[in-house]
Structures are given as structure tokens and as C-alpha cells.
1. Would you pick out the residues in segment 72-91 that are surrounded by 13 or more Cβ atoms within 10 Å (Cβ to Cβ) and part of a strand (DSSP E or B)?
2. I'm told residue 313 meets every condition in (1) surrounded by fewer than 17 Cβ atoms within 10 Å (Cβ to Cβ); (2) within 15 Å of residue 232 (Cα to Cα); (3) touching a strand residue (DSSP E or B) at 6+ places or on another chain (Cβ under 8 Å) except one. Can you identify the failing condition by its number?
3. Given the structure, is residue 41 free of Cβ contacts under 8 Å to residues at least 60 places away in the same chain, closer than 21 Å to residue 122 by Cα and assigned to a strand (DSSP E or B)?
């Protein structure tokens, strides 16, 4: 099946290759070095990929000493290379330099063109006048510069009247310019003031000199550029709000041009401690204690001294908040700030939803004599502050009496408590780790053994058992209930 596909596709492939190619191989003006006495013609050698390839339509025009030939060739049906030579007549021409443009094409195919120049000399006379251009100075200029050219004038019998035109390469627009032309020993010099002809920065231009006697046009082959105004740097999207003491890092920007020098300014001027520009990023450092707003701007400068300033990048440094833990008594602690508050008990996040107040009593166990309490607070600007407090547990000795109780628990929905202490247990409370009260039982006498069944929770987990000996002394113990 693959071989069949290849055989079917090859004719189309060859057809595509043969029907879209025509090429000019050579153009020759006859005779060589023609004079005003010669009948002038030219021959064109072409190659096409189909046969026949006869010329079927010839369009000609003549303007400003230039001949233009646009020739359509037949697109044959035979896939055979077609080589042919066609001859076209120009006739007798007056002395001067001529340009010959010849273009060939086929409908639906490509085209090919060629441009040649030839000179017709006066029989028995002097050679045609010529201007040989040479640019002095740079090939790139700034607005306000004067562009200088020199031209060697040859074969002119006397001082002639000349005009100078500047041609914009992009669209061929010609502008007559006031020029200073001087002549000494056939060396003709002229200058073109850039600021007098409304150049477009970034465009390319060439220069023409036209003689009125004899009437001839001379165009230099060099092209000069007018330096463009540098583009303003553009800040890329960035986070511009920071907290006091933060490392700000880098801000990115684009300048869209390599031909520039880059610098920066800030407002206020003393708000930035150090700045560094590398590639398309600027790193910024501000003093540690600086708070408030400052703006950052960049400006790019080209070799002409033209500068463009970027928009301002407004940067905000927010003051760091202050937070302090307040002891409200009975193992309850709070902070005065409202906002995003997170508590930590001995380095572990506290249970439940973070609020401005915390009760640490559910975290106290008989083996603890202190708790390291920490709070982390973020204000509305997400600036962060923290405070720590070491909480001393004052009734450690009395709490150790938990060892005198025998606690038995199993997976059958019951809990057995045997009070081996000399004092009665006033009541028993069972809490979830989030502080929700799940179960309560009143009084267990000394030496009494109590079976607590029908407990309202049956999931595995950690629960808090609270044994109250009297109103002023609570004993807490974490209990695994399976």
C-alpha cells in the first residue's frame, strides 16, 4: 500500500517542481561599449521548467534614462527543460548612462529579474560626464548633524547647474535639499544638513545629484541612516509592595533596543541604598529601617544623546507590625491586634481556628512544667511579626497525682476508671482535642471503680480526660480511645 501511494504522488511532485520555476541566466547589451551611431539591442537567456516557454506578452516603459521590460512567458504542458534566448531592440540612443531592468514571469509561477547599466558615448566626442561619489564621515547620523559627500566630476566641459535630492529608501520619496556645492579641480563637495529636510529617525536614505547641462542624473550607491530616538524602558509586571527589612530583589524591564546606555533615578533620592543594572533586570536595595513610598525610573540614551524616560515604578515599603502576648490569667493569653493570628504550642501549631485569644489549659499534661507559647501575626499588608512567652505551670506537684489513678480503656465502647487516690474525684469530663465537651460523669469516691459505658464517641483518636479533684485543681491527661 505504501508503494502505491508513492507512485501516485510522484507525478504531482514533479509537476509542482516544473511549473513554478523560471530563471534569467544572462543579459547582454549589443554591441558592447555602444556609441550614438550604433543600433542597440540586448539578448536575454532564460531557463524554464516546462516547454514551450515562448514570450507571450511584453510590457515596456522608459523614464529617467531607465528601460523597464516586463515579459510574460508561456507556461508549457511538457515537463521538459526549456532554454531560450530572446532579443529586444532599443534603437539608437543619445549619449548618456542608461539602466535596463528586465523581468520574466509565468502565471502561477515565480518571477526573475535583472538590472544592468550601460553607457552610450558620443562618436568622436568626449566621454559622458560622471560623478564618482565618496561619503566622508560616518554612515549613521544624529538629528542636527551635517552629512558630507564628495563627488569627482569627470568629463564636464564647464561649470554646470546641479541640484541635490535625498531619496528615502523605504518608499523612494525624493526631497530637494539646500546644499553647498563647491568645485575645485573637478572635486565637487556638497553637504546635506539633517535638520533641514525633515528626516525620519531610523530610516535609510541615499543622495542624488542632477546636472542640467548636460541633463543627467547621478545617484550614489551608499546608504546612510539616521539614528532613531531610543525607546523608553518598559517595566514588566512585578510585585511592588514590601515589608520593612524585606529583600526586594530584582525588577525586570524591556528596552527593545541594544543601542542605548541605561541609567536610573529615584524619588526621593536617598530612598535607595544600592542599585545594579544587569541585562534586562535592575536589583534594588533599600535601608533596613526605610518605610514609605519611593518611585524608580529608567532612562535610555543613544549615541546622539537623545534620551527617553520610562514611566515611574511606585514601590511601597510597609512598616513591620509589633505584636505582644498578653497574660489574661487562668492560662488564657491574647494579643491586641486583629487579623491573621497563628499560635504555636512548643513549636506545634495550636488546634482549632486561629484567633486573637488562646486557652492553653487543654495542652497541659502532668509531665509538663512549662509551655513555650508563640504567636505569629500578619497585618493587612501581610507584613509579619511574632512574640514568644515561656509559661510556667505552677501546680506540677498536685498534678502528678494522676499516677495514683488506674485508667483502663478498651475498644468495646466503655472506659473503666479506678480511683486509687486518697481524695474523691469531683467529676469526670471528656473533651475532643478541639475543646468540645463530649461526656460528663459526677463523683468517683476514693477506692471506687467506675464503668463508663455508652460513650457518645466511637471513632479512634486522641481525647482529653479531665479529672477534677476540687474546684481549684484540675488534672488533665490525654487518652487514646480505640
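What follows is calculated from the coordinates using simple rules that are stated; it is not laboratory data. No experiment lies behind these values; they were computed from the predicted model shown. All Cβ positions, glycine included, derive from the backbone under ideal geometry; neighbour counts span all protein chains shown.
1. Once the filter is applied, which keeps residues that are surrounded by 13 or more Cβ atoms within 10 Å (Cβ to Cβ) and part of a strand (DSSP E or B), segment 72-91 yields 72, 73, 82, 84, 86, 88, 90.
2. The single condition residue 313 does not satisfy is (1).
3. So residue 41 passes the test.
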